[in-house]
Each structure stands twice: as structure tokens, then as C-alpha cells.
1. Just to check your reading of the model, which residue among D222, D258, D245 is open to solvent by 40 Å² or more (accessible area, probe 1.4 Å), free of Cβ contacts under 8 Å to residues at least 60 places away in the same chain and either of a type in the set (D, E, K, R) or at positive phi (or both)?
2. Which condition breaks for A206 when tested against (1) of a type in the set (A, V, I, L, M, F, W, C); (2) open to solvent by less than 10 Å² (accessible area, probe 1.4 Å); (3) within 10 Å of L62 (Cα to Cα); (4) in contact (Cβ under 8 Å) with a residue 60 or more places away in the chain?
3. Tell me which helices (runs of 4 or more DSSP H) are completely within the range 102-147 and hold 2 or more residues being open to solvent by less than 20 Å² (accessible area, probe 1.4 Å) and closer than 17 Å to R89 by Cβ, or say none if there are none.
4. Please work out if F83 is surrounded by 14 or more Cβ atoms within 10 Å (Cβ to Cβ), outside any loop (DSSP other than H, G, I, E, B) and either of a type in the set (D, E) or modelled with pLDDT under 95 (or both).
5. Can you pull out the residues in the range 16-52 that are crowded, with 18+ Cβ neighbours inside 10 Å, more than 18 Å from I178 (Cα to Cα) and aliphatic (A, V, I, L, M)?
6. For the range 53-70, which residues satisfy the criterion of being touching a residue at least 60 places away in the same chain (Cβ under 8 Å) and open to solvent by 40 Å² or more (accessible area, probe 1.4 Å)?
7. For R182, state whether it is closer than 20 Å to L58 by Cα and either of a type in the set (S, T, Y) or crowded, with 17+ Cβ neighbours inside 10 Å (or both).
8. Go through the range 225-234 and give me each residue that's under 21 Å from the mean Cα position of the chain (by Cα) and either open to solvent by 30 Å² or more (accessible area, probe 1.4 Å) or among the β-branched types (V, I, T) (or both).
Amino acid sequence: MVLNNPQLHPAVTFSNKVFRKDKEFSRYVRRFRDRAIYPSFTIQPSAFSKYDMDISTLIRNLGWESLFEDQRFTYCPEAVRLFYVNLKRGSGADLYSFKTTVGNLEITVTADLLASELGLPHNGLKAGDDGQFHDYNFDYHHVHNSLVHDIGRYFPNRLDAGRLPDDLRVLHFFITRILLPRSLSSATLLHTTNLWILHHARSGQAISYASLVFCHLVKYGDDNYDGWLPLAPLITQLLGKLGVDLRDKVTLCNVHDDLKAQHVLARLDASVGPRKPVTGSGGEVAALVKALVSAAEVVVDRELTGYSSENLKGKRKIPVTTLTSLSTRLKLLRDGGGASSSSIREEDEAVEESEEFGDISDYDSPPHYPF
């Protein structure tokens, strides 16, 4: 491996000279040159604590809390595409390594390299694909049956993540959009890798993120896949660590930083969310409303009592029938009866809910991008 070589060709200069064969360059032009890069999301696990979901602990159980402490989002799109187009997995004894070429630098990548160069969590069980999961006696069907449950809805696919409890459904969202991003068309399914992560997050067993990232990257150099290319910031950082000079290259930062917990819960159709009140109908707001009703009742009754006063005849602008009707409604409110009392309780809940969950309009108007 060549490190910090000042003679490296620029990583983003593409021509036939970069590829050993015209066929390789043609494949790059047809399959990779215009490929979109998967966007980044910045939502934190702690954002769900207000809904009694301890996603942070699930992440901590895996040993992955550091992934949300120093997130990087800039990337060089051309270098990322070249990384994928030249990616070839090893075989035999080298099955869990792959090689790629960027510029004149040939890189042999392993999970250990990803962990050492990028600081990716690598403790606990080191497995990244079905074969390695099996080596740890991981039973997909047993784990699947232990995690999913009947939520009273029909799902055409038994592998739909919608059958998970709310907290695991949110963690599944983190897996498929942030930790190991993949096509949205398959992001709702419980693939073996997802269940491997969910199971150990629930059981409290640390597992290697570096091993999972290694096996995840390998899939996207395949011609059978033509979707967004994932983990671009991580790949860009790795290339820089290994000696590819990207300092004068244009880097992008495609980050969706306006995604909120409310949006995710709505997207997942979770049973909790900002529309659910977190307290009863009593409290300071109700007491304040009742006090205001009592005060208003006193004022209206005083107006009615003095309505026939000779000094005020002809000066009243509010009809006596209106005052009488208002007095009746206020008495109903004071006594807690009638439909208006229900309205007060609903408004009370809405105010308390708004204070707890923030701007509910964020929930009503989700971001205008797929997630």
C-alpha cells in the first residue's frame, strides 16, 4: 500500500489512462459517471426520548455511540464513484478484503483497515454477512419471530419492518438511512443484516460496525445495482487517510438537517407522535381557563343587573339576548358541562402537547424529499 505519495495522479481526472482497459472506462461511463450520491441525515437518537423511546441506549448497546459524536458530511463525488467502479472483492483466504484503485493508488480494504483509519467501532462480534452471522449461530427466523408482533394491521410482506415495536422501527430507520444507507425501495424490509443489528441492540451485545460497513460497500460495485451510492463522506475520508490528495478537489455536503423526530414517526406510522397528549386534561392551563371564565361570568352578570338602569338606557350596544346567552354558556363552562367544556379540555391538551413537543407544524409539513 502506498501512503502519502505526493506523486499520485489527481483522483478526479478521468480518462482512459486511469483505467487499464477501454472496457473498464466504458463501464464507468455507462454505470457510474452520473450516479447519484446518497444524502446524509443529521437526526440524533436522543431526539426520540420525548416519546419514551430510548434509542440512544440501543445504539450504546451496540457500542456505536461514537458514530453520532463527530459526524462528517463533505465528500468528493468523482472520487467516490471511482472507488466503487474499481471495487473488486477478494476470494478464498482473502474473501473478507476488497481492492479498489483511485488515481494510481491501489487500496486493499478490510474491516480492520476501516476501524484503524476511520475509528469505526470494531468491538464485540465481528460479522458482516449471512455466512459470518451463521458462524455465531444466528437464527434469522427465530430472531424475526421474537422481535415482530401483531399491531393490528395487514402487511403484504412478512418481512415488513412496520411489524416491529416503535423503538426498533426507529432504530431500523437509522440503520437503513444513516448507518448502512440503501435504496428506499428496500429500506422497509427486515434483511438479515438489519435483524442482526436489532437483535443485539435489544440484547445488549456489542457488534462490529466496521465489519458491517465492509460488507455493505462491496454490494455497490456490482453492475446489478444502479441506485444511489452510499457512505460517500466515509469513503472520501478513507481516501484522504490513505494518501489520495483531495485537498484542491471540489467537495459537496448534501445534508438533510431539517429532519425531525416527528417526521420520522409520521413516516413510520408509529403509534406515538406529537399529536398524542402526554398529560391529562388538568393542570395549570385548565385552572387558568376556569379562573378567566369565573371573572367573565361576574362581568356579564353585572352588565345584566344594570341593564335596565335609567341612566344607561339607550347606551347599551350589546343586545340583552346576547348577554343572557353568554351568561348561560359561561355557567356551563364553570360547572364543566356541555360541549364547550370538552373544547376547553381539548385546547388544554393541545397547549400542553405543544409545550412538550415543540412546533407541531413541523409534523404537519414534512420535508420535501424522500426519506
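The values are calculated or read from the model by the stated rules, or taken from the named source; none is laboratory data. Being a predicted model, the structure only gives us computed values, none of them experimental. Counting neighbours? That spans all protein chains shown, and the Cβs are built from the backbone with ideal geometry, glycine included. Ligands, DNA and RNA are excluded from the accessible area calculation, which covers all protein heavy atoms including side chains. Shrake-Rupley method; radii C 1.70, N 1.55, O 1.52, S 1.80 Å.
1. Numbers: D258 fails: free of Cβ contacts under 8 Å to residues at least 60 places away in the same chain; D245 fails: free of Cβ contacts under 8 Å to residues at least 60 places away in the same chain.
Answer to the check: D222.
2. (2)
3. Working: elements: 111-118, 130-135, 140-147.
So the answer is 111-118.
4. On the way: surrounded by 14 or more Cβ atoms within 10 Å (Cβ to Cβ): yes; outside any loop (DSSP other than H, G, I, E, B): yes; either of a type in the set (D, E) or modelled with pLDDT under 95 (or both): yes.
Judged against the criteria, F83 is a match.
5. V18, the sole residue that qualifies.
6. Restricting attention to the range 53-70, the residues satisfying the condition of being touching a residue at least 60 places away in the same chain (Cβ under 8 Å) are 53-55, 58-59, 61-64, 67.
Within the range 53-70, D54, N61 meet the criteria.
7. On the way: closer than 20 Å to L58 by Cα: no; either of a type in the set (S, T, Y) or crowded, with 17+ Cβ neighbours inside 10 Å (or both): yes.
No.
8. From the range 225-234, those under 21 Å from the mean Cα position of the chain (by Cα) are 227-234; that's our starting set.
Scanning the range 225-234 gives a single hit, W228.
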